[in-house]
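This report refers to the structure that appears directly beneath it.
The values are calculated or read from the model by the stated rules, or taken from the named source; none is laboratory data. What you see is a predicted model; the values in this text were computed from it and never measured. Cβ coordinates were reconstructed from backbone atoms using ideal geometry, including for glycine residues, and neighbour counts include every protein chain displayed. Surface accessibility is based on the protein's heavy atoms, side chains included, excluding ligands, DNA and RNA. Shrake-Rupley method; radii C 1.70, N 1.55, O 1.52, S 1.80 Å.
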Amino acid sequence: MAPEHRPSSFAIDVPAEVLARARAGERAAIEQLYRWFERPVFTLALRICGGRDEASDVLQDTMLKLIDHVGTFRGGGSPFWAWLRQIAVNEALMRLRRDRRQRLELGADDEDGFGEDHGPLPPAAADAASLQRALAALPAATRSVLWLYHAEGYTHEEIAALMQRTASFSKSQLARGTRRLRTLLQVEEPIHA
């Protein structure tokens with residue numbers, strides 16, 4: 001059973017007129033897009049990368065790509081926000097790939113058969129400060145999978161493609177990360193009937 005997903009913080013309806021002006025290179029329209037999407041991009045990058053400096057770099061790189069490529073956005077049935085979110089995710093994951101620590105954190109292949117945990121994040125996750133500290137304590141790959149799956153609504157297959165791994169890797173990281181978050185947040189494991 002899949003978890004209930006809230007809409008992504010990126011799910012901002014951009015008026016066609018603003019998008020058309022931005023695609024034409026109008027500075028005011030591009031600035032408006034920046035203001036609307038600055039927080040969602042930064043938050044996603046912070047959750048994936050784990051640090052404010054890295055998140056700021058990802059925000060900058062994402063917005064530079066927006067400026068350079070907004071004229072190429074055609075939609076094709078996808079909203080603008082989904083296109084920009086994909087850029088932000090790619091930028092954040094590229095930053096992680098550059099970080100050698102990820103390989104050390106993952107250890108071996110790490111694609112063992114841990115069962116999936118599709119339950120919602122623990123109730124204590126409502127405490128943003130506790131959640132941020134707990135997320136920061138997780139390995140980057142695990143934190144990324146948790147955020148992409150629970151907060152952004154990506155499937156295991158989509159996460160696997162983004163991280164250049166397998167769906168079972170995503171599933172094991174989700175299960176491991178959820179258990180670790182419960183421990184860090186001191187939340188009891190759910191009882192399965």
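Some points to look at:
- When segment 50-73 is filtered for residues that are touching an Asp or Glu at 6+ places or on another chain (Cβ under 8 Å) and open to solvent by 20 Å² or more (accessible area, probe 1.4 Å), the ones remaining, listed by number, are Asp61, Lys65.
- Gln102 more than 16 Å from Val58 (Cα to Cα) and at pLDDT below 80: yes
- Residue check, Ile12 of a type in the set (A, V, I, L, M), assigned to a helix (DSSP H, G or I), within 19 Å of the chain's Cα centre (by Cα) and closer than 27 Å to Val145 by Cα: no
- Close pairs (6 angstrom Cβ cut-off, 6 or more residues apart or separate chains): closer than 16 Å to Val18 by Cβ in segment 64-76, assigned to a helix (DSSP H, G or I) and open to solvent by 90 Å² or more (accessible area, probe 1.4 Å) anywhere: Val70/Arg23; Gly71/Arg23
- Residue that is farthest from the chain's Cα centre (by Cα) [pool: residues in segment 50-92 that are small (Gly, Ala, Ser) and outside any loop (DSSP other than H, G, I, E, B)]: Gly71
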